Amino acid sequence: MKQRISIILLFTCLAGAYFFYDPYIANFYKRYETDLPWTRLDLSKPIGLSTRMKLVALRDDLNQCETLLEEAGIHYQRLPSRGGAECLANDLIKTLPSEALVSKLAPPNVAPACSVVAAYVVWEQQIVQTAALEFFQQPVTGIEHYGSYNCRRMYGQASGRWSQHATGNAIDIAGFILKNGERISIKRDWKNAGQKSNFLKAIRDGACDVYATVLSPEYNAAHADHFHFDQAQRGKTGWGVCR
């Protein structure tokens with residue numbers, strides 16, 4: 001956290017110098033603009049220090065979230081509100097086939113909150129596909145999941161805190177299908193040595209740069225077969241959980 005604050009302060013000073021039009025500073029600012037908290041989010045730009053904070057903030061700005069999806073070439077359908085009280089979800093988005101997303105979600109009818117979808121787009125494009133080409137020299141064409149919206153408390157308990165799934169603010173990822181049809185399973189391949197395990201750990205680590213919460217088999221037994229991603233809001237500092 002101290003390192004993040006120091007870097008933000010550094011860029012604040014550089015931004016001030018930018019207004020005096022030093023070409024070097026201007027180019028430096030442009031190169032690292034995604035690290036700055038006040039620049040506009042763009043789902044197609046490289047992930048920066050402030051990307052996750054901006055993605056989480058979309059939870060409170062559905063119009064901006066939908067605009068960013070449209071600018072990124074994502075086809076989607078906004079679904080009607082669901083539930084009520086602690087389970088009210090009024091920002092559910094179902095992605096539709098588009099050239100912008102190489103992979104397809106399976107089953108296809110999942111509809112998480114818009115901020116979860118926006119982060120998913122960045123993760124799929126910049127992390128999953130990049131890692132798939134590195135480890136397997138082919139893209140991922142399918143991403144399997146265990147769902148998103150589920151009006152329940154954490155771990156299905158009768159009392160206690162409500163799950164982020166209760167408002168669709170989460171998605172659970174279970175596996176991946178490569179272009180050649182080969183399947184990568186979190187349950188089966190996470191603990192096995194080899195490229196599949198290395199791939200899973202790489203995309204788990206990458207998810208921590210776009211999601212507020214990332215839970216994997218390293219967290220507990222309840223997550224032995226999936227990654228849990230959510231956009232829980234934890235104040236202006238935007239600190240995250242990555243396990």
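The values are calculated or read from the model by the stated rules, or taken from the named source; none is laboratory data. The model shown is predicted, which means the values in this text are computed figures rather than measured ones. Please note: Cβ atoms are built from the backbone with ideal geometry, for glycine as well, and neighbour counts cover all protein chains shown. Heads up: the accessible areas ignore ligands, DNA and RNA and are worked out on the full protein's heavy atoms, side chains in. Shrake-Rupley method; radii C 1.70, N 1.55, O 1.52, S 1.80 Å.
Annotations for the structure displayed:
- Non-local lysine pairs in the chain, meaning eight or more places apart or on different chains, with alpha-carbon distances under 12 Å, amount to 6.
- When you count the other C-beta atoms within 10 angstrom of each residue and take the mean per peptide, 153-161, 91-99 line up highest first as 91-99, 153-161.
- In this structure the amide hydrogen of residue 170, modeled in the peptide plane, comes within under 5 Å of the amide hydrogens of 113, none closer than 5 places in sequence on its chain.
- Neighbour cut-off at most 16 other Cβ (10 Å), DSSP loop, chymotrypsin sites (Phe, Trp or Tyr not before Pro), segment 200-243: 219, 239
- Carbon/sulfur fraction of accessible area - segment 127-243, other protein chains in place, 1.4 Å, %: 50 percent
- The amide H of residue 144, built 1.01 Å from its N in the peptide plane, has 106, 174, 175, 176, 177 as neighbours under 5 Å, considering only residues 5 or more places off or on other chains.
- Here the contact order of the chain, divided by its residue count and restricted to Cα pairs under 8 Å and six or more residues apart, works out to 16 percent.
- DSSP bridge orientation in the chain - percent antiparallel, rounded to nearest 5: 80 percent
- When shorter helices are ignored and each DSSP H run of at least 4 residues is given -39500 (n - 2.57), the per-residue value for the chain at 222 nm works out to -9000 deg cm²/dmol.
- Based on C-alpha pairs under 8 angstrom that are at least 6 apart in sequence, segment 45-95 has a relative contact order of 25 percent.
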